[in-house]
Amino acid sequence: MKKASAVLLGGLATAAPVAASLTVFLDPLQRKAAAGGFVKVASVEALPDDGMPRKFSIIADRVDAWNKVPNVPIGAVYLRKSAPDQVEALNVVCPHAGCFVDFSKERKLFGCPCHNSSFALNGSVSDPKSPSPRGLDSLDVEIRNSSEVWVRFQNFVAGHGEKIPVS
């Protein structure tokens, strides 16, 4: 009886720390992914009325396994007014090889410095010789409180013809 009681009490004493450590160790698997949520990017007034895009950083909390870092840049988007009350958002990452595209105001084109892919104002491929398998990735936009631009920021896998979200 003494041995059985000692084994039982020893098992109970060990169970609590083991359960606590398993909870901490498995916590990242239980967290909901933060990707796919809307992030406030800018105000509508910050966008030019001429339809030219403007680049904005996406600032949000980065959650990586057991670490959470608040308010850090996680990417960037080009925003442009397509109508007085309508805003379009494009991810700055080239779908060909993942480089950041630049915008040329003189040529009114987005250009990738890595492999010379070029894109029209709406993000479509503008040159048939472009190596990009698809146009720039458009993102969902919401106008809130009649002046705030919110974007559902998301990155996509480069090198594919279809938009595959990076998980």
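The values are calculated or read from the model by the stated rules, or taken from the named source; none is laboratory data. Because the structure is a prediction, the values reported are computed rather than measured. Neighbour counts are summed over all protein chains in view; Cβ atoms, including those assigned to glycine, are modelled from backbone coordinates with ideal geometry.
Might you let me know whether the stretch 52-61 holds any residue that is farther than 27 Å from residue 40 by Cβ, in a strand (DSSP E or B) and modelled with pLDDT under 95?
no
Inspection of the stretch 137-147 finds no residue satisfying the criterion of being assigned to a loop (DSSP other than H, G, I, E, B), touching a residue at least 12 places away in the same chain (Cβ under 8 Å), under 25 Å from residue 72 (Cβ atoms) and hydrophobic (A, V, I, L, M, F, W, C).
Does residue 157 meet the test of being of a type in the set (Val, Ile, Thr) and within 25 Å of residue 47 (Cα to Cα)? Criteria not met by residue 157. Against the definition (aromatic (Phe, Trp, Tyr), within 19 Å of residue 54 (Cβ to Cβ) and in contact with a Gly (Cβ under 7 Å, 6 or more places away or on another chain)), how does residue 110 come out, yes or no? So residue 110 fails the test. Listed by first and then second residue, the pairs with beta-carbon distance under 8 Å, at least 6 apart or on different chains, first residue in the stretch 43-71 and at positive phi, second assigned to a loop (DSSP other than H, G, I, E, B), are 51/121.
Suppose we filter the stretch 95-116 for residues that are of a type in the set (A, V, I, L, M, F, W, C) and in contact with a strand residue (DSSP E or B) (Cβ under 7 Å, 6 or more places away or on another chain); how many remain? Full working, then the answer.
Here is the first cut: in the stretch 95-116, the ones of a type in the set (A, V, I, L, M, F, W, C) are 97, 99-101, 103, 109-110, 112, 114.
Narrowing further to those that are in contact with a strand residue (DSSP E or B) (Cβ under 7 Å, 6 or more places away or on another chain): 100-101, 103, 109-110.
Looking only at that region, the number is 5.
Here residue 89 clears all of (1) crowded, with 19+ Cβ neighbours inside 10 Å; (2) in contact (Cβ under 8 Å) with a residue 24 or more places away in the chain; (3) out of contact with any strand residue (DSSP E or B) (no Cβ under 6 Å at 6 or more places or on another chain) except the condition numbered (3).
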